[in-house]
Amino acid sequence: MNEINTKKHWEKVYETKNPNEVSWTQAYPKTSINLINSFKQQKSASIIDIGGGDSLLVDFLLKEGYNNITVLDISKKAIDRAKKRLGKKANEVKWIVKDITNFEPESNYDIWHDRAAFHFLNTEKDIKKYAAIAGKTVLKNLVIGTFSNDGPLKCSGIEIVQYNERSMKNVFKNDFEKINSFKEDHTTPFNTIQNFIFCSFNKKL
């Protein structure tokens, strides 16, 4: 899909489906929180959540005391839902409506987090764009959670790209060194299982 059609797709998803009707919803994003905390950065560290949509990660990061959070998503409706849920707390977060492959950051980030967005990039051109943007933007750490080679082949009607540890390392090898990698089953709101691979990275000096 081109950018216009991709945006239309995701706006429709967030207009017509509730959180319990989409597979990626988590009541508590335990793995993401644990990985972000594992970097032992200050609570003032700048964090960006790529494809955050109306994920609850931002809520729990605020509860953890992090105070410099950005959420980026292609869908305005998704971000509007997150803002509504957070109420006044939404003013403590920076919100960006943008296709990640056309993102031109105005600042750098200490931590870049992405769970369940990266695998939707299914052309070599877009994957390379993503890696290049992260390489230029991230100061310290990168977290990617994406479908593993034991996970689904499609999500939300879109063909995705599966990853293993080697292929994930290869995508980001120019700018990052792997810290950790592991697989994890995610139980969807409708009780199906999706296998993810999570990788954490340090920025190369």
Could you say which residue among LYS98, LYS129, LYS140 is closer than 19 Å to GLN41 by Cβ and at pLDDT 95 or above?
LYS140
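For GLY135, state whether it is outside any strand (DSSP E or B), touching a strand residue (DSSP E or B) at 6+ places or on another chain (Cβ under 9 Å) and closer than 20 Å to VAL22 by Cα.
no
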Under 6 Å by Cβ, and 6 or more places apart or on different chains, what pairs join a residue from the stretch 177-205 that is of a type in the set (Val, Ile, Thr) with one that is assigned to a loop (DSSP other than H, G, I, E, B)?
THR188/SER23
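Is it true that some residue in the stretch 156-171 is hydroxyl-bearing (Ser, Thr, Tyr), under 15 Å from THR25 (Cβ atoms) and not in a strand (DSSP E or B)?
Within the stretch 156-171, the subset hydroxyl-bearing (Ser, Thr, Tyr) is 156, 163, 167.
Subset that is under 15 Å from THR25 (Cβ atoms): 156.
Remaining after also requiring not in a strand (DSSP E or B): 156.
Yes, the stretch 156-171 contains a residue that is hydroxyl-bearing (Ser, Thr, Tyr), under 15 Å from THR25 (Cβ atoms) and not in a strand (DSSP E or B).
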Yes or no: the stretch 17-25 includes at least one residue that is β-branched (Val, Ile, Thr) and either part of a helix (DSSP H, G or I) or under 26 Å from ASN122 (Cβ atoms) (or both).
yes
Quick check: is even one residue across the stretch 50-70 over 16 Å from the mean Cα position of the chain (by Cα), among the hydrophobic types (A, V, I, L, M, F, W, C), under 30 Å from LYS128 (Cβ atoms) and not in a helix (DSSP H, G or I)?
no
Residues in the stretch 19-34: is at least one closer than 18 Å to LYS89 by Cβ, among the β-branched types (Val, Ile, Thr) and surrounded by 18 or more Cβ atoms within 10 Å (Cβ to Cβ)?
no
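Out of PHE120, PHE172, report the one residue that is among the aromatic types (Phe, Trp, Tyr), within 18 Å of ILE74 (Cα to Cα) and in contact (Cβ under 8 Å) with a residue 24 or more places away in the chain.
On the way: PHE172 fails: within 18 Å of ILE74 (Cα to Cα).
Residue meeting the stated conditions: PHE120.
From ASP114, ASP126, ASP110, ASP150, grab the single residue that is in a loop (DSSP other than H, G, I, E, B) and either among the charged types (D, E, K, R) or surrounded by 17 or more Cβ atoms within 10 Å (Cβ to Cβ) (or both). Break it down into steps so the answer makes sense when it comes.
On the way: ASP114 fails: in a loop (DSSP other than H, G, I, E, B); ASP126 fails: in a loop (DSSP other than H, G, I, E, B); ASP110 fails: in a loop (DSSP other than H, G, I, E, B).
Result: ASP150 is the single residue among ASP114, ASP126, ASP110, ASP150 that is in a loop (DSSP other than H, G, I, E, B) and either among the charged types (D, E, K, R) or surrounded by 17 or more Cβ atoms within 10 Å (Cβ to Cβ) (or both).
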Does any residue of the stretch 37-44 turn out to be small (Gly, Ala, Ser), assigned to a loop (DSSP other than H, G, I, E, B) and at pLDDT 95 or above?
yes
Residue in the stretch 94-107 that is touching a Gly at 6+ places or on another chain (Cβ under 6 Å), within 22 Å of PHE147 (Cβ to Cβ) and touching a residue at least 12 places away in the same chain (Cβ under 8 Å) present
no
Output for the stretch 146-205, where each listed residue is over 19 Å from PRO19 (Cα atoms), among the acidic types (Asp, Glu) and modelled with pLDDT of 95 or more
ASP150, GLU165, ASP175, GLU177, GLU184
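The values are calculated or read from the model by the stated rules, or taken from the named source; none is laboratory data. Computed from a predicted structure; not experimentally measured. Note that each Cβ is placed from the backbone with ideal geometry, even for glycine, and that neighbours are counted across all protein chains shown.
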